[in-house]
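Colleague: Have a look at this one.
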Amino acid sequence: MAVYTDVGEAELIAFLADYDLGQVLSYKGIAEGVENSNFLLRTTGGTFILTLYEKRVAKNDLPFFLGLMQYLAEHGLSCPLPVQRRDGEALGELAGRPGAVFTFLEGMGARRPTPVHCRAVGSAMARLHAIGQGFSMQRTNGLAMEAWRPLFASCPNRVDEIEPGLADEIGSELDDLEANWPRDLPSGVIHADLFTDNVFFLGGELSGIIDFYFACNELLAYDIAITLCAWCFEADGSFNITKGVALLKGYQAVRPLSESEADSLPILCRGAAMRFLLTRLYDWLTVPDGSFVVKKDPREYLRKLRFHRNVSRAGEYGYEPIGVNV
Ligand SMILES: Nc1ncnc2c1ncn2[C@@H]1O[C@H](COP(=O)(O)OP(=O)(O)OP(=O)(O)O)[C@@H](O)[C@H]1O
Ligand SMILES: N[C@@H](CCO)C(=O)O
């Protein structure tokens, strides 16, 4: 149960005294999620999410995250809206942790994504990118390509326990990514973690996007690569091109890709797979068994990386230039 910091009733009531949310009716820890402590909060003013930020979210990044969610929500994207205190601030402190209160989004993540889900997430991602162009705050991607080799170097020297030869394979893949990473592509604010658990659906319709704690300024097509990786592979490791077609059509209906973005999709997908392989590998090798942190299998992203290495053109993901049978 991902509640690392417990909250007593008296300290919660004192914290909420700075808000116009009415009286506390109930609050309880939420099991899902591993980065932060989240509580379902019910007051006479409604239902909310209380988030206490734990150590893996840098405190000085919080104004960007909260400001971005507020900006996106105010410009029509369905995402958590930070609730402001009477002093106009959205960030407070509770139980020794930075804390914030958000509006509650109805819906749940798609456990078995369909092409319809994929098209909806493609469209919502493109709208996020379009709205984000007007957001003035900046945040560098802390897990950009330049961070991957240092992250790999920080992994314990047991990588080959996952699979013999894996350390050499990652090393040579990093050489290739560093030598060929695209630079001059359209960029802006991206979500950077659009996995199925962070996109809610209600009655078949996309009802909201949560968990903006990896959001940053990056290549827009890199967000597409992350999302293709997270939504379009089947449990047997195969790439479902029907889902890829749907996701890319949903995206391009809002923002068509440039030719150079399309040409860069294969290497961007390799980079996306490498990023999640490395963060999962680091947790897998450093987080003690039995800890709260749910360790996700790095081999899932090793298989995706190997798939992408064999892709030579965007059409293999289902990409079609706009104007061709849209
Ligand atoms: N605004 C919201 N409305 C409804 N439910 C929410 C909201 N924000 C968070 N949740 C619930 O809390 C859970 C955890 O949220 P979140 O994914 O942001 O946690 P985290 O620990 O920060 O992230 P991660 O999933 O990266 O570990 C979500 O899966 C969802 O069930
Ligand atoms: N979505 C990431 C975890 C960070 O949120 C993963 O599945 O590896």
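Colleague: Here are some conditions: (1) hydrophobic (A, V, I, L, M, F, W, C); (2) surrounded by 12 or more Cβ atoms within 10 Å (Cβ to Cβ); (3) part of a loop (DSSP other than H, G, I, E, B). L50 meets all but one. Which one does it not meet?
Modeller: Evaluating L50 over (1) hydrophobic (A, V, I, L, M, F, W, C); (2) surrounded by 12 or more Cβ atoms within 10 Å (Cβ to Cβ); (3) part of a loop (DSSP other than H, G, I, E, B) leaves (3) as the failure.
Colleague: Let me ask something else. Given the conditions (1) touching a helix residue (DSSP H, G or I) at 6+ places or on another chain (Cβ under 8 Å); (2) open to solvent by 40 Å² or more (accessible area, probe 1.4 Å); (3) at pLDDT 95 or above, report the number of the one that L174 does not fulfil.
Modeller: (2)
Colleague: If you don't mind, there's one more thing I want to ask. Out of all the residues in segment 270-326, which are in a helix (DSSP H, G or I) and charged (D, E, K, R)?
Modeller: So in segment 270-326, the residues in a helix (DSSP H, G or I) come out as 270-286, 298-309, 314-317.
Of everything in segment 270-326, those that are in a helix (DSSP H, G or I) and charged (D, E, K, R) turn out to be R270, R275, R280, D283, R299, E300, R303, K304, R306, R309, E316.
Colleague: If I filter segment 233-263 down to residues being part of a helix (DSSP H, G or I), aliphatic (A, V, I, L, M) and within 17 Å of F307 (Cβ to Cβ), which single residue comes out as most open to solvent (accessible area, probe 1.4 Å)?
Modeller: The first filter runs over segment 233-263 and keeps only residues part of a helix (DSSP H, G or I), leaving 241-252, 259-263.
If we keep only those that are aliphatic (A, V, I, L, M) as well, we get 241, 245-248, 262.
Pick out the ones that are also within 17 Å of F307 (Cβ to Cβ) and you get 241, 245, 247-248.
On the way: I241: 79, V245: 45, L247: 0, L248: 2 Å².
Step by step, filter segment 233-263, then rank; the result is I241.
Colleague: Just one of L265, L219 is among the aliphatic types (A, V, I, L, M) and more than 30 Å from A100 (Cβ to Cβ); which is it?
Modeller: L265
Colleague: Then there is this: Mind listing whichever residues of segment 285-301 are surrounded by fewer than 20 Cβ atoms within 10 Å (Cβ to Cβ), of a type outside the set (S, T, N, Q) and more than 14 Å from F239 (Cβ to Cβ)?
Modeller: If we filter segment 285-301 for residues that are surrounded by fewer than 20 Cβ atoms within 10 Å (Cβ to Cβ), which is where we start, we get 285-297, 299-300.
From the residues that got through so far, the ones that are of a type outside the set (S, T, N, Q) too are 285, 287-290, 292-297, 299-300.
Listed by number, the residues that qualify are L285, V287, P288, D289, G290, F292, V293, V294, K295, K296, D297, R299.
Colleague: For the structure I just gave you, tell me whether E89 is part of a loop (DSSP other than H, G, I, E, B) and in contact with a Phe, Trp or Tyr (Cβ under 8 Å, 6 or more places away or on another chain). Before the answer, list the steps.
Modeller: Numbers: part of a loop (DSSP other than H, G, I, E, B): yes; in contact with a Phe, Trp or Tyr (Cβ under 8 Å, 6 or more places away or on another chain): no.
So E89 fails the test.
Colleague: Just to be sure, is Q23 farther than 15 Å from G99 by Cα, surrounded by fewer than 16 Cβ atoms within 10 Å (Cβ to Cβ), touching a residue at least 12 places away in the same chain (Cβ under 8 Å) and not acidic (D, E)?
Modeller: It is true that Q23 is farther than 15 Å from G99 by Cα, surrounded by fewer than 16 Cβ atoms within 10 Å (Cβ to Cβ), touching a residue at least 12 places away in the same chain (Cβ under 8 Å) and not acidic (D, E).
Colleague: For segment 56-73, how many residues meet the condition of being open to solvent by 10 Å² or more (accessible area, probe 1.4 Å) and within 12 Å of ligand 1 (Cβ to nearest atom)?
Modeller: The qualifying residues number 3.
Colleague: OK, next. I'd like to know if segment 203-220 contains one or more residues that are open to solvent by less than 10 Å² (accessible area, probe 1.4 Å), in contact with a helix residue (DSSP H, G or I) (Cβ under 7 Å, 6 or more places away or on another chain), away from ligand 1 (no atom under 16 Å from the Cβ) and among the β-branched types (V, I, T).
Modeller: Initial filter on segment 203-220 (open to solvent by less than 10 Å² (accessible area, probe 1.4 Å)): 208-209, 212, 215-216, 220.
Within this subset, residues satisfying the condition of being in contact with a helix residue (DSSP H, G or I) (Cβ under 7 Å, 6 or more places away or on another chain) are 209, 212, 215, 220.
Checking the rest, the ones that are also away from ligand 1 (no atom under 16 Å from the Cβ) come to 220.
Narrowing the set further to residues that are among the β-branched types (V, I, T) leaves none.
No - not one qualifying residue is present in segment 203-220.
Colleague: Of all residues in segment 74-91, which are buried (at least 18 other Cβ atoms within 10 Å of the Cβ) and of a type outside the set (A, V, I, L, M)?
Modeller: Answer for segment 74-91, where residues must be buried (at least 18 other Cβ atoms within 10 Å of the Cβ) and of a type outside the set (A, V, I, L, M): S78, C79, P80, P82, R85.
Colleague: Still on this model: From the residues in segment 177-202 that are small (G, A, S) and open to solvent by 20 Å² or more (accessible area, probe 1.4 Å), which one is farthest from ligand 2 (Cβ to nearest atom)? It would help to see each step written out before you state the result.
Modeller: Quick first cut of segment 177-202, residues small (G, A, S) only: 179, 187-188, 192.
Among the residues that remain, those that are also open to solvent by 20 Å² or more (accessible area, probe 1.4 Å) are: 179, 187.
Details: A179: 25, S187: 21 Å.
Filtering first and then ranking leaves A179.
Colleague: Let me ask another. Any residue at all in segment 122-131 that is closer than 30 Å to T43 by Cβ and in contact with a strand residue (DSSP E or B) (Cβ under 6 Å, 6 or more places away or on another chain)?
Modeller: Scanning segment 122-131 turns up at least one residue that is closer than 30 Å to T43 by Cβ and in contact with a strand residue (DSSP E or B) (Cβ under 6 Å, 6 or more places away or on another chain).
Colleague: Take F39 and tell me if it is assigned by TED's automatic domain parsing to the domain that holds R97, open to solvent by less than 10 Å² (accessible area, probe 1.4 Å) and in a strand (DSSP E or B).
Modeller: Numbers: assigned by TED's automatic domain parsing to the domain that holds R97: yes; open to solvent by less than 10 Å² (accessible area, probe 1.4 Å): yes; in a strand (DSSP E or B): yes.
It is true that F39 is assigned by TED's automatic domain parsing to the domain that holds R97, open to solvent by less than 10 Å² (accessible area, probe 1.4 Å) and in a strand (DSSP E or B).
Residue by residue, here is whether (1) touching a Phe, Trp or Tyr at 6+ places or on another chain (Cβ under 7 Å); (2) modelled with pLDDT of 95 or more; (3) not charged (D, E, K, R) holds:
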position: Y19; (1), (2), (3): no, yes, yes
position: L25; (1), (2), (3): no, yes, yes
position: L41; (1), (2), (3): yes, yes, yes
position: T47; (1), (2), (3): yes, yes, yes
position: G67; (1), (2), (3): no, yes, yes
position: E74; (1), (2), (3): no, yes, no
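The values are calculated or read from the model by the stated rules, or taken from the named source; none is laboratory data. Being a predicted model, the structure only gives us computed values, none of them experimental. Every residue, glycine among them, receives a Cβ derived from its backbone with ideal geometry; neighbour counts consider all protein chains shown. Only protein heavy atoms, including side chains, enter the accessible area calculation; ligands, DNA and RNA are left aside. Shrake-Rupley method; radii C 1.70, N 1.55, O 1.52, S 1.80 Å.
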